[in-house]
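Chemist: My questions all concern the structure below.
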Amino acid sequence: MKGEEGFDFIIEQLLNDAIDGYKQTEESKLLKEKCDQIHCDCETMLMEEQHEFVMECFELLSGIDGRQERYIYKRGLQDGIWLLKNLGLLS
C-alpha cells in the first residue's frame, strides 16, 4: 500500500468508526425514526410514481451528503496534521 492509499484507508476506517459511534447516539436514533416516518408518509400519501421520484431524490441527497462528509473528514485530518507540523508539535 502506497502512502496516499494507506492514508485514505486509515481515514476511511476512522470515518467508519465515527459513523458507527454516531449511530449509537440518541440524536441519530431520533433522526432515523423521523426518516422512517417520512418514508412511511411518502408511501401512504404519494402515488407510486411520485413515491419512486421522492425516494430517488432522497437517495441522491444522501449520497451527496456522504461524499461531502468524507471530504470534510479527510480535510479536517489533513488540516490538523498541517497545523501540528506548523506548531512544531509534529515532525
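The values are calculated or read from the model by the stated rules, or taken from the named source; none is laboratory data. In this text, all values refer to a predicted model and were calculated from it rather than measured experimentally. Because the Cβ atoms are built from the backbone with ideal geometry, glycine has one as well, and the counts that use them run over all protein chains shown.
Chemist: Does any residue of region 69-82 turn out to be surrounded by 12 or more Cβ atoms within 10 Å (Cβ to Cβ), farther than 30 Å from residue 6 by Cα, out of contact with any Asp or Glu (no Cβ under 7 Å at 6 or more places or on another chain) and not aliphatic (A, V, I, L, M)?
Modeler: no
Chemist: Among the candidates 29, 74, single out the residue that is at pLDDT 95 or above, in a helix (DSSP H, G or I) and touching a helix residue (DSSP H, G or I) at 6+ places or on another chain (Cβ under 9 Å).
Modeler: Working: 74 fails: at pLDDT 95 or above.
Criteria check complete, one pass: 29.
Chemist: Filter region 1-54 down to the residues that are among the polar types (S, T, N, Q) and farther than 30 Å from residue 79 by Cα, then identify the one that is nearest to the chain's Cα centre (by Cα).
Modeler: If we filter region 1-54 for residues that are among the polar types (S, T, N, Q), which is where we start, we get 13, 16, 24-25, 28, 37, 44, 50.
Still in the list and also farther than 30 Å from residue 79 by Cα: 37, 44, 50.
Numbers: 37: 21, 44: 28, 50: 26 Å.
In this case the residue turns out to be 37.
Chemist: Examine region 83-90 for a residue that is closer than 16 Å to residue 15 by Cβ and either of a type in the set (Lys, Arg) or free of Cβ contacts under 8 Å to residues at least 12 places away in the same chain (or both), and state whether such a residue exists.
Modeler: Of all residues in region 83-90, those closer than 16 Å to residue 15 by Cβ come to none.
There is no residue in region 83-90 that is closer than 16 Å to residue 15 by Cβ and either of a type in the set (Lys, Arg) or free of Cβ contacts under 8 Å to residues at least 12 places away in the same chain (or both).
Chemist: Right, here's the next one. Quick check on residue 91: is it surrounded by 10 or more Cβ atoms within 10 Å (Cβ to Cβ) and among the hydroxyl-bearing types (Ser, Thr, Tyr)? Walk me through it before giving the result.
Modeler: On the way: surrounded by 10 or more Cβ atoms within 10 Å (Cβ to Cβ): no; among the hydroxyl-bearing types (Ser, Thr, Tyr): yes.
In short, no.
Chemist: Next up: For region 53-72, which positions are out of contact with any Leu (no Cβ under 9 Å at 6 or more places or on another chain) and more than 20 Å from residue 31 (Cα to Cα)?
Modeler: From region 53-72, those out of contact with any Leu (no Cβ under 9 Å at 6 or more places or on another chain) are 55-68, 71-72; that's our starting set.
Within region 53-72, 71, 72 meet the criteria.
Results for (1) modelled with pLDDT of 95 or more; (2) surrounded by 10 or more Cβ atoms within 10 Å (Cβ to Cβ); (3) part of a helix (DSSP H, G or I), shown as yes or no for each residue.
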site	(1), (2), (3)
1	no, no, no
9	no, yes, yes
39	no, yes, yes
49	no, no, yes
58	no, yes, yes
